Amino acid sequence: MKKEIIYNFDEREPRRPFTVPEGYFENLTQNIMDALPQQESIYSTTITVTPWMRIRPYLYAAAAFVGIFFCIKAAVGISTRNNASEMAQTEETTIYSDEYIDSFLETAMMNDYTLYYTLVEPGN
Amino acid sequence: MAMMAYDERRILEMLHEDDISRRRAFESIVNNFSEQLYWQIRHMVLSHDDANDILQNTFIKAWTNLDSFMGYSRISTWLYRIAINETLTFLNRQKATIPIETDEEGELSIADRLESDPYFDGDLTERQLQEAIATLPDKQRMVFNMKYFNEMKYEEISEALGTSIGALKASYHIAVKKIEEYFNNID
């Protein structure tokens with residue numbers, strides 16, 4: 001009795017012991033296609049281009065230029081202010097008292113012309 | 001509309017075109033692969049209803065993930081992988097929900113199921129063979145079914161499972177030995 005259920009792979013042809021309901025494979029493709037959800041293709045999605053979408057890149061570019069202009073202007077302004085303040089520091093003069101000046105003039109042997117010349121001539 | 005002939009190159013092009021072309025291309029894929037995928041799944045889960053559900057899910061997954069398929073592998077390989085994942089997920093879920101039984105009770109339950117299944121027309125030996133196959137680990141069972149019942153070449157199985165041909169041959173021969181041993185041990 002045991003011999004009856006020995007499975008000999010060399011002698012036995014593979015046979016599929018399963019069946020399917022009648023007409024199953026004939027309708028299978030249609031049934032599967034009907035069960036598929038609707039799908040929007042990323043390749044075929046139609047985008048409606050509005051006027052705003054059309055001018056948007058130009059506006060962004062203009063805004064970028066304005067931004068750059070103000071950045072440059074601000075940078076130049078800061079630099080000018082820095083120079084001005086440096087100049088202000090260097091041009092700061094010592095304030096002498098009137099007495100000092102009077103004594104200086106008395107001892108300097110200068111007339112008005114010589115004094116003017118001393119003050120305005122470059123290099124003094 | 002008549003079904004277009006299966007031309008993988010043209011189908012890959014159509015999958016990147018408008019919605020109508022895309023659907024037509026997918027319909028051609030379904031028509032070409034649904035039957036062989038069905039049998040692959042059916043041999044694993046045994047029940048027609050379960051196999052049909054898993055097959056539907058396989059194609060729904062493929063359809064909804066079409067954009068991630070870039071054509072690096074063959075369409076058949078891609079579909080087999082989805083089907084295998086869906087089948088193994090189903091079997092794991094089934095194992096988790098069905099109460100743990102002893103081996104003998106498990107074997108009897110498979111025999112009972114097949115005997116009362118209107119879509120099983122095998123004799124006693126074929127029922128015993130299904131019981132023997134059911135004792136194999138999932139992947140070994142899959143390799144055995146692909147080779148023995150679906151008569152796939154080792155190259156095709158290798159592409160579908162991502163396993164080397166050498167490993168597949170070894171796996172198949174081990175499965176055959178285990179099945180023969182199973183029959184030898186039947187009282």
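Counting alpha carbon pairs within less than 8 Å and at least 6 residues apart, what relative contact order, in whole percent, applies to chain B? Spell out each step's value before the answer.
Numbers: 131 pairs, mean separation 34.3, N = 187.
Reported as a whole number, the value is 18 percent.
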Relative contact order for segment B:8-98, counting Cα pairs under 8 Å that sit 6 or more residues apart, in percent: 26 percent
Averaged over A:15-27, number of beta-carbon atoms from partner chains that fall within 10 Å: 6
Positive-end extreme of charge dipole, chain B - chosen from B:Tyr172, B:Ala51, B:Met14 (charges on Cβ): B:Met14
Qualifying chymotrypsin sites (Phe, Trp or Tyr not before Pro) in segment B:10-94, DSSP loop, other Cβ atoms within 10 Å at most 10: B:Tyr72
Computed [θ] at 222 nm, deg cm²/dmol, chain B (DSSP H ≥ 4; -39,500 (n - 2.57); rounded to nearest 500): -24500 deg cm²/dmol
Theoretical gain in end-to-end length, B:Gln36 to B:Asp112 [0.36 nm per residue, Cα-Cα removed]: 24.7 nm
Amide H within-cut-off set for B:Phe120, under 5 Å, with H built and near neighbours excluded: A:Thr19
Pair A:Ala62, A:Asp34: separation of 7 Å Cα→Cβ label points (nm): 5.7 nm
Estimated distance in nm for a label pair at B:Glu17 and A:Phe9, the labels positioned 7 Å out from Cα along Cα-to-Cβ: 4.6 nm
Where GluC sites (Glu not before Pro) in DSSP loops with at most 14 other Cβ within 10 Å are excluded, longest remaining stretch of chain B: B:18-100
Neighbour-count order for B:Arg24, B:Arg42, fewest beta carbons within 10 angstrom listed first: B:Arg24, B:Arg42
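Ranked by Cβ crowding within 10 angstrom, fewest neighbours first, how are A:Phe70, B:Phe120, B:Phe144 ordered?
Ascending number of Cβ neighbours within 10 Å: A:Phe70, B:Phe120, B:Phe144.
Please report B:His173, B:His43, B:His16 as a ranked list, fewest other C-beta atoms within 10 angstrom at the top and most at the bottom.
B:His173, B:His16, B:His43
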Acute angle (nearest 10 degrees) that the helix B:138-148 long axis makes with the longest principal axis of chain B, alpha-carbon atoms: 80 degrees
Alpha-carbon Rg/Rh ratio, for segment B:127-169, with Rh computed the Kirkwood way: 0.99
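Values quoted throughout were computed directly from the atomic coordinates according to the rules given, and no laboratory measurement underlies them. The structure displayed is predicted, hence computed values, not measured ones. Cβ: placed from backbone, ideal geometry, glycine included. Neighbour counts: every protein chain shown.
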